[in-house]
1. Exactly one condition in (1) at pLDDT below 95; (2) open to solvent by 20 Å² or more (accessible area, probe 1.4 Å) is false for V60; which is it?
2. Being among the hydrophobic types (A, V, I, L, M, F, W, C) and open to solvent by less than 70 Å² (accessible area, probe 1.4 Å) narrows it down to one of A107, A98, so name that one.
3. Go through (1) free of Cβ contacts under 8 Å to residues at least 60 places away in the same chain; (2) surrounded by 15 or more Cβ atoms within 10 Å (Cβ to Cβ) and name the single condition S126 misses.
4. Regarding the stretch 63-86, can at least one residue be identified that is at positive phi, open to solvent by 70 Å² or more (accessible area, probe 1.4 Å) and at pLDDT below 90?
5. From the residues in the stretch 9-42 that are in a helix (DSSP H, G or I) and in contact with a Lys or Arg (Cβ under 8 Å, 6 or more places away or on another chain), which one is farthest from Y167 (Cα to Cα)?
6. Among the residues of the stretch 129-162, what is the count of those that are open to solvent by 50 Å² or more (accessible area, probe 1.4 Å) and of a type in the set (G, A, S)?
Amino acid sequence: MLSHGSLLGAWLHHGPIPWDEEGDIVLLPQDFDRVVQALGPPGGFPPAAASTANAPTLSVRRVTTLKGGSILLFQGPIIGGLRYDIHEHSDARGGWLATAVTFRLAADPPDSSVQLDAFLARTNGSHAWTDSAVLPLDVLLPSRRIRFFDWLLPSPQVPQRALELWYGPRFTARRKCALRPLPGSRPSKVSSSAADSQSAPGSSVAEVPGALIAASYPLIQS
């Protein structure tokens, strides 16, 4: 079902957020398992070797993050016009952070912009948790359909509540986006309290009012 930025776009714009560059969906465990069975490495993902602290299989490699965590990564083959990878993130203590399948255009470099992120939502009897929020199951299920362009796509049962849990109660007024300075102009100033720690060279990621977004993305009038 639609999630994260794609759900926000469907709720506010009936389509993608104008400055968003990727699609986001969330899959419950049984659906995510079906995707992994179809696209993942032999023996499943994550491989049994990872859970027994042995070396990962040859097709799955482990990457250590700057904060001491790890990423199990399987880079799948090119299928048609797409390349994909399956990745599971853990913190320094081995705690689960996120699992996702990421799709990119096959003609682009492996580290290029993402076209679609399919996130795993782990569940227990009452809640589901994703990379960035814990949601009561009755917020997600039964799914409903919400307009996205000319389609009616599956979404959480209570989209507004799901968005509040993912983005905070002011999700309609404040957005997280990349602030891209125009050629020959000074970058937009964002207070250090708002700036995200994952800023990239030449840009920053921040939670900002719509007016500041419009200054950075001049084609966005509203």
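1. Among (1) at pLDDT below 95; (2) open to solvent by 20 Å² or more (accessible area, probe 1.4 Å), V60 violates only (2).
2. Selected residue: A98, the only one of A107, A98 that is among the hydrophobic types (A, V, I, L, M, F, W, C) and open to solvent by less than 70 Å² (accessible area, probe 1.4 Å).
3. The single condition S126 does not satisfy is (2).
4. Looking for residues that are at positive phi, open to solvent by 70 Å² or more (accessible area, probe 1.4 Å) and at pLDDT below 90, one finds none in the stretch 63-86, hence no.
5. Applying the filter and picking the extreme gives P29.
6. So the count comes out to 2.
The values are calculated or read from the model by the stated rules, or taken from the named source; none is laboratory data. Bear in mind that the values here come from a model prediction, so they are computed numbers and not experimental data. Using ideal geometry, Cβ is built from the backbone for each residue, glycine included, and neighbour counts are taken over all protein chains shown. Surface areas here come from the heavy atoms of the whole protein model, side chains and all, with no ligands, DNA or RNA. Shrake-Rupley method; radii C 1.70, N 1.55, O 1.52, S 1.80 Å.
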